[in-house]
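Where a number appears in this text, it was derived from the coordinates with a stated rule and is not lab data. Just so it is clear, the model here is predicted, and its values are computed rather than measured. FYI the Cβ positions are ideal-geometry reconstructions off the backbone, even for glycines, and counts take in every protein chain you see.
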Amino acid sequence: MVVYFTSHSEALPVIRKVYKTLEQIAKSTFKVPYVIRDLTPADLGAGNNFFPEGTSPSTSLPINSWSLASYFSTEDFQYTSSIAMGLAQPTGNIFVNTVVNNYAIPSDTYIGIYGIAKNGSFGAYNTVYLIEKMKLYVGGSLVRTWDLSENGYEGLIKFFTPDQAIILTPGTNVTVEVYFKDPGSYTSFSTPVSGTTVDVNVGVNNIALSFGIAGLLGFVLEPAGRTIFPYDPFKDRDV
Amino acid sequence: MAIDMTYTPEPEFTYFLDYKDAIPEINWMIDRAYQIAKKSMPGKELIIRELIPEDIGMGEWKKNWNTYFNDLSNNPIGYTIPAPPGTSTVINGITYNITYPAQLINVHATVFNVVNNYQVPRDTYILIYGLDIIRYGRTNIIGNIVTNYNLGGNVTMPLYEYADIPYIDVYLNGNRVRRYYPVVIADFKRDSMYFTRKNALLIRPGYTVSIDLAVIYINNQGPAGIDFSFKGVVIEPKGKTLI
């Protein structure tokens with residue numbers, strides 16, 4: 001029995017089921033008009049953990065994005081030493097970035113998750129980190145793990161089967177972890193002699209950037225007007 | 001081949017990723033939009049044509065956002081990781097002096113208002129049923145820099161930049177009625193998505209339209225950018241634009 005689909009077409013019955021489940025919840029529990037819309041990173045509080053290592057940004061990004069599932073390496077930050085000296089050997093280490101950290105889903109908000117995606121990894125000069133897996137914790141308990149190593153640096157979408165799809169209810173605390181792996185493919189260059197001075201014409205962090213973007217696919221059920229107002233354009237009524 | 005208008009099931013989801021899957025739904029929406037337009041313009045011969053950017057107040061879909069993304073002074077809410085010229089660091093007895101240009105990695109997040117209260121002309125119905133996104137600076141190596149270590153040789157290094165769209169908001173008559181999540185960002189190979197009637201928009205004559213594009217972008221020396229467009233049709237009287 002499969003646990004995911006890679007084709008959106010094949011997954012539509014499951015996606016429809018998630019949508020209908022939210023719709024049924026709305027009809028049975030919501031006393032106010034509601035909307036069901038696509039899940040965005042902000043709906044799970046993603047967005048305040050852009051650089052888990054290497055830097056301490058003083059401000060948070062004001063716009064949430066799944067791209068917060070990123071990695072910025074301390075050792076890469078000092079690439080001039082790493083590369084010029086050939087010191088940054090592959091570590092094969094796994095790095096964890098908590099992209100959603102104990103986020104409490106607001107009251108009267110339900111979230112249905114039907115898929116997971118990564119849009120690959122990228123970076124510069126063999127410092128690309130691979131996305132390995134994602135873990136979802138609900139209420140402090142691990143409830144789902146997904147392997148994302150397939151396709152390497154390329155993108156990947158997995159749509160869940162009914163058993164894997166999940167509805168998150170109001171007040172639930174959610175944590176999402178993304179795991180990255182150092183691929184271990186640094187290239188060494190000529191090694192300067194200790195005691196010399198090296199002028200670096202390019203900023204130290206020019207090639208230190210490595211990204212992997214991973215996120216969840218789903219729906220949000222919430223009261224109308226909180227994010228958007230309902231608008232059914234195919235009925236004869238105005239906004 | 002005749003259009004199959006027997007397709008009527010209500011889609012309980014918000015988008016298709018395959019055009020082939022979406023065709024019946026798009027046909028349903030265009031037919032429905034045509035009926036609504038026809039009802040409001042009885043006696044007029046209507047045409048259906050593909051949506052182009054000026055129909056919703058944009059000069060071009062593929063605006064050169066790169067210009068914005070690369071203008072670091074244009075975005076006060078971004079921040080930078082400091083690596084200023086003149087600094088140096090000593091590692092294992094080797095002093096690394098950071099000299100010009102000492103490029104920084106710049107992280108920005110902002111909202112671009114790409115359509116601002118554009119009023120749809122009379123007798124014009126606009127149906128938006130999909131979107132298309134192309135990102136620059138992610139999979140493509142968009143430039144090279146040459147690093148001189150003063151060690152007897154230059155090393156050419158690729159630059160990678162990145163831009164992403166967390167969401168796209170559409171306002172009609174001042175009310176935010178859609179927040180599109182471009183799921184297409186999740187797949188390198190995909191650049192289009194097609195809305196179901198749950199998520200599509202039919203914009204009627206006289207409505208005002210505003211569109212906000214939320215972006216996050218990261219660059220150092222090269223630009224990062226987004227090309228963004230909507231897919232749709234315009235229904236209007238014959239002769240108004242086309243004869």
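What to note about this one:
- Across the cross-link table entries A:Lys27/B:Lys198; A:Lys20/A:Lys118; A:Lys235/B:Lys198; B:Lys198/B:Lys240; A:Lys235/B:Lys39; A:Lys235/B:Lys38, which are compared at the Cα atoms, the separations over 19 Å belong to A:Lys20/A:Lys118; B:Lys198/B:Lys240.
- Remark on B:Ala200: its backbone amide H falls under 5 Å from none of the residues 5 or more positions apart or on other chains, H modelled at 1.01 Å from N.
- Net charge contributed by nearby residues that have their C-beta within less than 13 Å of A:Asp147 (K/R +1, D/E -1): +4
- Averaged over A:33-39, number of beta-carbon atoms from partner chains that fall within 10 Å: 5
- Ranked by the mean number of other Cβ atoms within 10 Å per residue, highest first, peptides B:48-55, A:170-177 order as A:170-177, B:48-55.
- For residues of A:215-223, the mean tally of beta carbons on other chains within 10 Å: 2
- If R0 is taken as 30 Å, the Cβ-Cβ distance between A:Asp147 and B:Asn175 corresponds to a FRET efficiency of 0.10.
- Label-point gap, in nm, between A:Thr172 and B:Arg49 - each point 7 angstrom along Cα→Cβ: 4.9
- Averaged over the residues of peptide B:197-207, the number of Cβ atoms from other protein chains lying within 10 Å of each residue's Cβ is 3.
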